[in-house]
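Worksheet: one structure, shown below.
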Amino acid sequence: MIELHYWPTPNGHKITVFLEEAGLEYRIVPVNIGAGDQFKPEFLAIAPNNRMPAIIDHSPADGGGPLSVFESGAILEYLADKVGQFLPKLTRPRMEVLQWLYWQMGGLGPMAGQNHHFNHYAPEEVPYAQQRYIKETARLYGVLDKQLEGKEYVAGDYSIADMAIFPWAKLWEGQSQDLSQFPNMAAWLERMEARPAVQKAYALAETIKDAKPANELSEADKKRLFNLD
């Protein structure tokens, strides 16, 4: 049993997509980031960076006690190795997948996240920051579009790289991007959205009580979420 500490954000969606694809048994523990659940001692015990998602594997492969993992990229890599799917064992194809996983973790996620923040949630307009992150998001999507030329999925076969990138890339419109500039990415998004496991994961998100987009949060909730207290 996988215990998933989760809220329906792009990083949270990565893990539910994987769990649905792999058919692993899991239980969701909601972490209401608007209400500040990510700062509770019981959550910090498994996720010291006060960011979700995090998991507890109650049946780890080493046969020991429950194992907790935080950071969405590390969780995807751990789960893929656990089930032997979506991450090749051979060195070269494995590194192809991991490079694109880390590209998302170190590039697309942070840049698109700042794009969202400065263009939708910041308490005041900062034109330099807005343009900086819009342009960097566009550059990254250009890299992704080139990688997808002639490919069904990012690293060739469907993998955790696709699962990591998709939840951020599907928000292109809110990132002030022109999808017509990235036709390979657009076709890939359609393939991803057609996958039954992806559909199930996103349908699950709709059932999470009290979940709402950041722009619908109270000012007090936004201060907690964006560490502005």
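The values are calculated or read from the model by the stated rules, or taken from the named source; none is laboratory data. Everything numeric in this text was worked out from a predicted model, so none of it was measured. With ideal geometry, Cβ positions are generated from the backbone for all residues, glycine too; neighbour counts draw on all protein chains shown.
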- Item | Only listed residue being under 16 Å from the mean Cα position of the chain (by Cα), over 23 Å from Glu173 (Cα atoms) and of a type in the set (A, V, I, L, M, F, W, C), chosen from Leu108, Leu44, Leu76 | Leu76
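Among Tyr102, Tyr128, which is of a type outside the set (A, V, I, L, M), assigned by TED's automatic domain parsing to the domain that holds Asp178 and either touching a Cys at 6+ places or on another chain (Cβ under 7 Å) or surrounded by 14 or more Cβ atoms within 10 Å (Cβ to Cβ) (or both)? Spell out how you get there, then give the answer.
On the way: Tyr128 fails: either touching a Cys at 6+ places or on another chain (Cβ under 7 Å) or surrounded by 14 or more Cβ atoms within 10 Å (Cβ to Cβ) (or both).
One residue alone meets the criteria, Tyr102.
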- Query: Pairs, please: C-beta under 7 Å, at least 6 apart or cross-chain, first residue without any contact (Cβ under 8 Å) to a residue 60 or more places away in the chain and surrounded by 19 or more Cβ atoms within 10 Å (Cβ to Cβ) and in the range 155-181, second small (Gly, Ala, Ser) and in a helix (DSSP H, G or I)?
  - Reply: Gln177/Ala138
- Task: Test Pro110 against the criterion of being under 25 Å from Leu4 (Cα atoms), out of contact with any strand residue (DSSP E or B) (no Cβ under 9 Å at 6 or more places or on another chain), touching a residue at least 24 places away in the same chain (Cβ under 8 Å) and not assigned by TED's automatic domain parsing to the domain that holds Arg51, and give yes or no.
- Result: no
- Item | Exclusive hit being over 25 Å from Leu108 (Cβ atoms), out of contact with any Gly (no Cβ under 7 Å at 6 or more places or on another chain) and in contact (Cβ under 8 Å) with a residue 24 or more places away in the chain, set Glu42, Glu25 | Glu25
- Message: All but one of (1) on the phi > 0 side of the Ramachandran plot; (2) surrounded by fewer than 19 Cβ atoms within 10 Å (Cβ to Cβ) hold for Ser59; state the number of the condition that does not hold.
- Response: (1)
- Message: Can you report the number of residues in the range 104-135 which are closer than 18 Å to Asp178 by Cβ and of a type in the set (D, E, K, R)?
- Response: 2
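Considering the range 29-69 alone, what residues qualify as being farther than 15 Å from Pro8 by Cα and aliphatic (A, V, I, L, M)? Full working, then the answer.
Narrowing the range 29-69 to residues farther than 15 Å from Pro8 by Cα: 39-50, 56-69.
Residues satisfying the conditions are Leu44, Ala45, Ile46, Ala47, Ile56, Ala61, Leu67, Val69.
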- Task: State which residue is surrounded by the most Cβ atoms within 10 Å (Cβ to Cβ) when the search covers only the range 62-78 and only residues that are among the hydrophobic types (A, V, I, L, M, F, W, C) and out of contact with any Asp or Glu (no Cβ under 8 Å at 6 or more places or on another chain).
- Result: Leu76
